[in-house]
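Presented below is the structure to which this report refers.
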Amino acid sequence: MASALPQPGRPGLPRERFTTMRKVVRAFAALAFAVLALSACDNDDLPPAAGYAPVSGTITDAATQKPIAGATVIVDTVLTATTDDKGSFTIAKVPSGIIDYVVRAKGYSDVIASGNVEPGKTFQLNVAMQLPKTP
């Protein structure tokens with residue numbers, strides 16, 4: 001049967017308490033490292049909250065002026081929205097500045113253009129889509 005007494009020639013804690021203490025110290029060190037690593041991730045690379053604005057609008061058929069449901073609006077290749085039954089969409093948080101956008105809808109020619117989003121002001125993006133030209 002194992003004894004909880006210190007080992008002969010080694011003054012100090014019994015073996016079980018020493019092992020438990022080592023585990024606690026390792027867990028604390030791992031936690032400290034994780035906190036340090038996560039705090040290093042906040043390096044202010046993103047624009048401040050005032051540097052964002054919503055982009056919203058309506059996508060319609062140029063010939064009939066009817067809304068196009070299911071059209072895809074892509075801003076700066078990463079922010080996307082799909083139009084609803086009324087042809088409307090909103091992307092809530094777009095970084096301010098010059099944006100490039102693409103509007104795609106099945107059966108229509110893509111619309112590719114740029115615009116300037118001002119901080120805190122809604123950027124209206126209303127697009128009238130045209131059928132592709134036949135050769």
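Is there a residue in region 118-128 that is in contact with an Asp or Glu (Cβ under 6 Å, 6 or more places away or on another chain) and not aromatic (F, W, Y)? Looking through region 118-128, none of the residues is in contact with an Asp or Glu (Cβ under 6 Å, 6 or more places away or on another chain) and not aromatic (F, W, Y). Scanning region 86-135 for residues that are assigned by TED's automatic domain parsing to the domain that holds K66, hydroxyl-bearing (S, T, Y) and in a loop (DSSP other than H, G, I, E, B) yields a count of 4.
Going through (1) surrounded by fewer than 11 Cβ atoms within 10 Å (Cβ to Cβ); (2) within 14 Å of N126 (Cα to Cα); (3) free of Cβ contacts under 8 Å to residues at least 24 places away in the same chain one by one, D85 falls short only on (2).
The values are calculated or read from the model by the stated rules, or taken from the named source; none is laboratory data. Note that the structure is predicted; figures quoted are calculated from it, not measured. Here the Cβ is made from the backbone with ideal geometry for all residues, glycine too, and neighbour counts use every protein chain on show.
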